[in-house]
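The values are calculated or read from the model by the stated rules, or taken from the named source; none is laboratory data. Given the structure is predicted, the values throughout are model-derived calculations rather than measurements. Reconstructed Cβ throughout: ideal geometry from the backbone, glycine too, with neighbour counts over all protein chains shown. Ligands, DNA and RNA are stripped out before the accessible areas are found, and what is left, the full protein with its side chains, is counted by its heavy atoms. Shrake-Rupley method; radii C 1.70, N 1.55, O 1.52, S 1.80 Å.
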Amino acid sequence: MSRHPAPRAGAFRAGPLALLCSLAWGFLPGSTSAQTHPLDPPTWEEHWTALEVLKDAGRMDDSTGFSLVLLNPPDKEAVWSWTPGTDAPRSLLLVTRRGAMTSEAVVDVKNRRLVSWTDRPGAQAPWLESEFSALTAAVKKHPDFIAALAARGITDLQWVDCFAGPPGRFGLDEEEGRRLAHVHCTDSRLRRNDWTRGIEGLLVVGDMITGEILRVEDEGVVPVPDTDADFGAHGLGVPGPDPKPILVTQPQGLGYTLTGHQVAWENWRFHVRPDQRVGMVISTVRWADGQEVRPVLYEGHLSEIFVPYMDPAGGWFARNFLDSGEYTSGGLGKPLTRGIDCPDYATYLDMVVVTDSGRPRDVQNVICIFERNAGEVAWRHLGADYQGRPKRDLVVRAAAVLGNYDYIFDWVFQQNGSIDVGIGATGIAESKPVVDRVASPQAGNGSSDEGWEDGRDDSYGRFVDEHIVAVNHDHYFNFRLDMDVDGPVNTVRKEGLRAVELPEDHPRRSVWVVDGAPLRTEDEAKLNVVLTRPAIWRVVSPNRSNKQAYPTSYQLKPGSMIENLFLDGDWPRLRAGFIDHHLWVTPRRPDEMYAAGMYPTLSGPGEGLPSWTAANRNIENEDVVLWYTMGMHHVVRTEDWPVMPVAYGWFELRPFDFFDRNPVLNLPKKP
């Protein structure tokens, strides 16, 4: 089973030219509607305008597939200087594919003009929604596939579902000049949760351009389990009793204002927009400090997700997904359910995504915004009397569904000037059918001193159900943080903590001190968290100091660190090179947006951050971008089955000498 989106009605019903015929009737206005902010997401009308421009320029036909339509980043200085009511340029970036050619178009939708058209030979556009099932008919007709199913007792192919996905790259001759796909199939009969019904040991390799089936690989028969792992209402039986209610109300209205996509809450001011590739972008983050509004972050967003599986079997070794770059057809963000994904009282934002044909599609409730009071304390002290204050937060949330996994993305704005960025992993752990019913008695804790060489069914994972082993894997998440602490020119400092020995006649043996130094080049800023060598990473303003004469700064406080356990030269590591370091720092470049590069689908080694930083550019007193990678090694436990409880990881952007004193001293005594 490979990653595949849930089927969507009407995703690719007609060719682009057929859809554009309706435009000739002139139901669209000659210009797009006025925008309230230059970073607002593309509108439905702008999508159509871009299609018309491409059609008039002869750059599309019925064979054109559309992978992405994104806001083309406007000039950063112009965004910072923009004021409400003033005009702003609007252009979209479209990624298309015709045959084997991937192309980029930049369309000025305000002036209805094709600004540029760039072919990208050798680049592979993100997978289209229609491609996931495009080879199914050919696979089911292939004699080797039919014979392999018959050996497994499957002769009725009516209920066999197949999904084609990109396998990454491994330096094989067959990869050259092809849009290669690995096809995995399931027998979906009688189960709502068909992730337990994989046809194991069977892999089909095909070419998405020609539709050719290159080969069928059969590693041996493994029966399809009858295990019932349904977890919906039908699978769980009678739910437990309702708990006593906890009611949250805001009788005087919301504590924040939302103007278009601009948010004002407490001292925070920022812009939020949905994005087809990365789900959600937080921009122009500022702090209202009296009469002054101080910049903190120009833009922050998820950059890439990397999920490699740790099973060398023929149908598993290639499962090394760069999810944000490969699997965002239809949009990374998915609808949020009121009362479950977000509180009943939350505010929601919608988005428009492009379908394979180019037709825009509305997706509702992809971002929610809400205040919360979790009973937490902002500060306290008990001396002669008690003093303390409660706190509340503002949460901006989006969620993604990538095949078996769901992810929750939170940006939590705090009253003390900190921003917590969190990811919650949930969904279904990807699993494989096996011959053994449960773990063998000698397996004990699911591992052995001899390691994987004993050939057990759970050598590369753990039993979570009868005849079901969830495979070991990793989750890496990279975030792009375009910091502007008190202005666009910043320097990143690494301040290490080290022990120093005290004189022999001192009662103490040692203390620790802080040694700080600016990071001047990209090579110096390739950093990893080492617990035995603690350090502080700060983004420092060279132009402003606080009352105590320290330069103002924000600290990137790491959390949920993950270590790269790949050996040197391993292909998944080479194509996801950003995982080599927890932190990278680069000078800002508008075309450097994604840690694994613009086109990670079937990509080769070294794309993205390793390629850009090879120049070892200056980053001192520059407009800098931080790239932080967090994640987890997932050894699946039985408690993660059949659907995984949300596991959260966090990092923090934290004011460090940005203020003159604690900024929440004057909070009210009620949250």
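The figures follow:
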{"quantity": "Heavy atoms of Glu292: accessible area, 1.4 Å probe, square angstrom to 10", "calculated": "80 Å²"}
{"quantity": "Residue-normalised accessible area of the chain, expressed per residue, 1.4 Å probe, Å²", "calculated": "44 Å²"}
{"quantity": "Whole-number percent relative contact order across the chain, with pairs defined as alpha carbons under 8 Å at least 6 apart", "calculated": "13 percent"}
{"quantity": "Exposure of Ser603 as accessible area (Å², to 10), given a probe of 1.4 Å and all protein chains", "calculated": "10 Å²"}
{"quantity": "By accessible area with a 1.4 Å probe, ligands and nucleic acids excluded, highest first: order of Lys557, Lys526", "calculated": "Lys557, Lys526"}
{"quantity": "Proximal lysines to Lys140, defined as alpha-carbon separation beneath 27 angstrom and excluding residues fewer than eight positions away on the same chain", "calculated": "Lys432"}
{"quantity": "Whole-angstrom gap from segment 337-378 to segment 559-628, using each part's C-alpha centre", "calculated": "30 Å"}
{"quantity": "Accessible area, probe 1.4 Å, largest first, for residues Trp82, Trp44", "calculated": "Trp44, Trp82"}
{"quantity": "Three-way shape call for segment 460-560 based on the alpha-carbon gyration tensor, with the a/c threshold at 1.5", "calculated": "oblate"}
{"quantity": "Mean separation of Cα contacts under 8 Å (6+ apart) over length of segment 325-433, as relative contact order %", "calculated": "20 percent"}
{"quantity": "Charged-residue dipole, Cβ positions (Lys, Arg, Asp, Glu), the chain about Cα centre, Debye nearest 20", "calculated": "1980 debye"}
{"quantity": "Cα-based Rg and Dmax for segment 231-358, where Dmax is the largest Cα-Cα distance (Å)", "calculated": "20.5, 63"}
{"quantity": "Computed [θ] at 222 nm, deg cm²/dmol, the chain (DSSP H ≥ 4; -39,500 (n - 2.57); rounded to nearest 500)", "calculated": "-2000 deg cm²/dmol"}
{"quantity": "Rounded percent of accessible protein surface that carbon and sulfur make up, the chain, 1.4 Å probe", "calculated": "52 percent"}
{"quantity": "Relative contact order (%) - segment 207-295, alpha-carbon pairs under 8 angstrom, separation at least six", "calculated": "12 percent"}
{"quantity": "Heavy-atom SASA rank of Ile305, Ile408 (probe 1.4 Å, accessible area, largest first)", "calculated": "Ile408, Ile305"}
{"quantity": "Segments 576-589, 604-617 sorted - mean Cβ within 10 Å per residue, highest first", "calculated": "576-589, 604-617"}
{"quantity": "³J(HN,Hα), Karplus 6.51/-1.76/1.60, whole Hz, each residue of segment 620-629, x for Gly, Pro", "calculated": "8, 6, 10, 7, 9, 10, 9, 10, 10, 10"}
{"quantity": "Cα-centre dipole for segment 363-418 with unit charges at Cβ (Lys and Arg positive, Asp and Glu negative), debye to 20", "calculated": "140 debye"}
